[in-house]
Amino acid sequence: QVQLVESGGGLVQAGGSLRLSCAASGRTLSRYAMGWFRQAPGKEREFVAAITRVGFTTSYADSVKGRFTISRDNAKTAVFLQLNNLKPEDTAIYYCAAAESAITLRSSRYDYWGQGTQVTVSS
């Protein structure tokens with residue numbers, strides 16, 4: 001198993017930036033494709049970004065493409081999500097997840113989840 005803990009969320013004005021971190025413990029992080037998802041109040045959890053086991057390939061939701069960047073440091077057992085040019089509609093709880101399968105956009109394919117970190121963007 002792998003345990004995931006997110007951090008870095010907060011309150012920011014529109015146009016601002018945040019960097020989310022996901023610290024992993026347990027099994028070697030390089031065993032897993034990693035993803036970020038988010039859930040806004042009253043909405044379903046949605047895919048944000050994903051990265052392959054060694055970080056060569058990434059994938060993004062259209063709504064964040066060009067603004068968010070996912071990266072990983074397997075040596076430091078961490079995954080990151082850089083959020084730039086934030087918009088009020090980015091307000092949500094952001095979750096880190098690990099998948100034993102290949103990179104995927106489907107939340108059902110992820111095996112482990114963190115508790116989430118709140119991102120609030122004011123207009």
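Numbers for the structure displayed
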quantity	calculated
Members of the stretch 1-29 that are among the polar types (S, T, N, Q) and either in contact with a Phe, Trp or Tyr (Cβ under 8 Å, 6 or more places away or on another chain) or part of a strand (DSSP E or B) (or both)	Gln1, Gln3, Ser7, Gln13, Ser21, Ser25
Of residues in the stretch 1-40 being among the charged types (D, E, K, R) and touching a strand residue (DSSP E or B) at 6+ places or on another chain (Cβ under 6 Å), the one nearest to Ser59 (Cα to Cα)	Arg38
Hits in the stretch 73-84 - residues which are surrounded by fewer than 18 Cβ atoms within 10 Å (Cβ to Cβ) and within 15 Å of Val12 (Cβ to Cβ)	Gln82, Asn84
Lone qualifier among Gly9, Gly15 - being open to solvent by 30 Å² or more (accessible area, probe 1.4 Å), touching a Ser or Thr at 6+ places or on another chain (Cβ under 6 Å) and closer than 20 Å to Thr120 by Cα	Gly9
Set Lys43, Lys65, Lys76, Lys87: member being modelled with pLDDT under 95, among the charged types (D, E, K, R) and over 12 Å from the mean Cα position of the chain (by Cα)	Lys76
Qualifying positions in the stretch 85-123 - open to solvent by 50 Å² or more (accessible area, probe 1.4 Å) and part of a loop (DSSP other than H, G, I, E, B)	Asn85, Lys87, Glu100, Ala102, Ile103, Leu105, Arg106, Asp111, Gln115, Ser123
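The values are calculated or read from the model by the stated rules, or taken from the named source; none is laboratory data. The structure presented is a predicted model; accordingly, all values stated were derived computationally and were not measured. Positions of Cβ are generated from backbone atoms using ideal geometry, with glycine treated the same way; all protein chains shown enter the neighbour counts. Heavy atoms of the whole protein, side chains included, go into the accessibility calculation; ligands, DNA and RNA do not. Shrake-Rupley method; radii C 1.70, N 1.55, O 1.52, S 1.80 Å.
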